[in-house]
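The values are calculated or read from the model by the stated rules, or taken from the named source; none is laboratory data. Because the structure is predicted, anything quoted here is derived from the model rather than measured. Here Cβ is always computed from backbone atoms with ideal geometry, including for glycine, and neighbour counts include all displayed protein chains. The protein model used for the area step is the full one, side chains on, heavy atoms only, and it has no ligands, DNA or RNA in it. Shrake-Rupley method; radii C 1.70, N 1.55, O 1.52, S 1.80 Å.
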Amino acid sequence: MSLFLGGSAQPELGLAGASSHLQATVPTLLQALSASESTVPQLIIESASPCKILLANHAWCALTGYASEEVVGQSVSVTHGPLTCRETLSALGLAMVAGHSLQVMLVCYGKTGRPCLTSIAAVPLLDSAGRPSFFQWTISGFVMLDQDASAAPQPRQRRDRKSTRLNSSH
């Protein structure tokens, strides 16, 4: 699945210094993002490394605690942390380079540093030449994780069978 980007009108968005390709595509990116359900957290990111965030909708900002102004222009890695699976990131990166859609489960981090297990659907947005210049990431599910390490399950300690055996004198 992919979405085609077309469009011509360009609103003033303070994109001085942005590539002409990006400036010409922004109205359609905005349209793609606003056409989606506003309660569903979504990002529009560049498909090329370092995968900069171009747009973050209100629902994504509410989920992560970031303001749009804080993340637009930043690499999507701003949401990665110690529990983020590098193998999943690699698979996601390969799919983006190839222009393929992919659904992954990934631990991401909000502004406060709290981890969140997210289900991300990454869908390429094709430019007029059919190239996947951008991706729309939709968060279809999430679970906030406890950030307190002491609340994490502790490994079971092996018990000595003698100490747990009940005396039966039947």
Point to revise | Residue count for the range 40-53, restricted to those that are open to solvent by 20 Å² or more (accessible area, probe 1.4 Å) and farther than 22 Å from Ser90 by Cβ | key: 1
Practice item. Tell me, please, whether a residue that is closer than 16 Å to Met144 by Cβ, in contact with a strand residue (DSSP E or B) (Cβ under 9 Å, 6 or more places away or on another chain) and not hydrophobic (A, V, I, L, M, F, W, C) can be found in the range 84-98. Key: yes
Revision key, fill the gap. When every residue in the range 69-80 that is loosely packed, with under 15 Cβ neighbours inside 10 Å and more than 12 Å from the chain's Cα centre (by Cα) is compared, the one nearest to Ile44 (Cα to Cα) is Gly73
**Study point:** Qualifying position, being of a type in the set (Asp, Glu), open to solvent by 20 Å² or more (accessible area, probe 1.4 Å), at pLDDT below 85 and on the phi < 0 side of the Ramachandran plot, among Asp127, Asp160
**Key:** Asp160
Review point. In the range 81-98, which residues are surrounded by 14 or more Cβ atoms within 10 Å (Cβ to Cβ) and polar (S, T, N, Q)?
Key: Thr84, Thr88
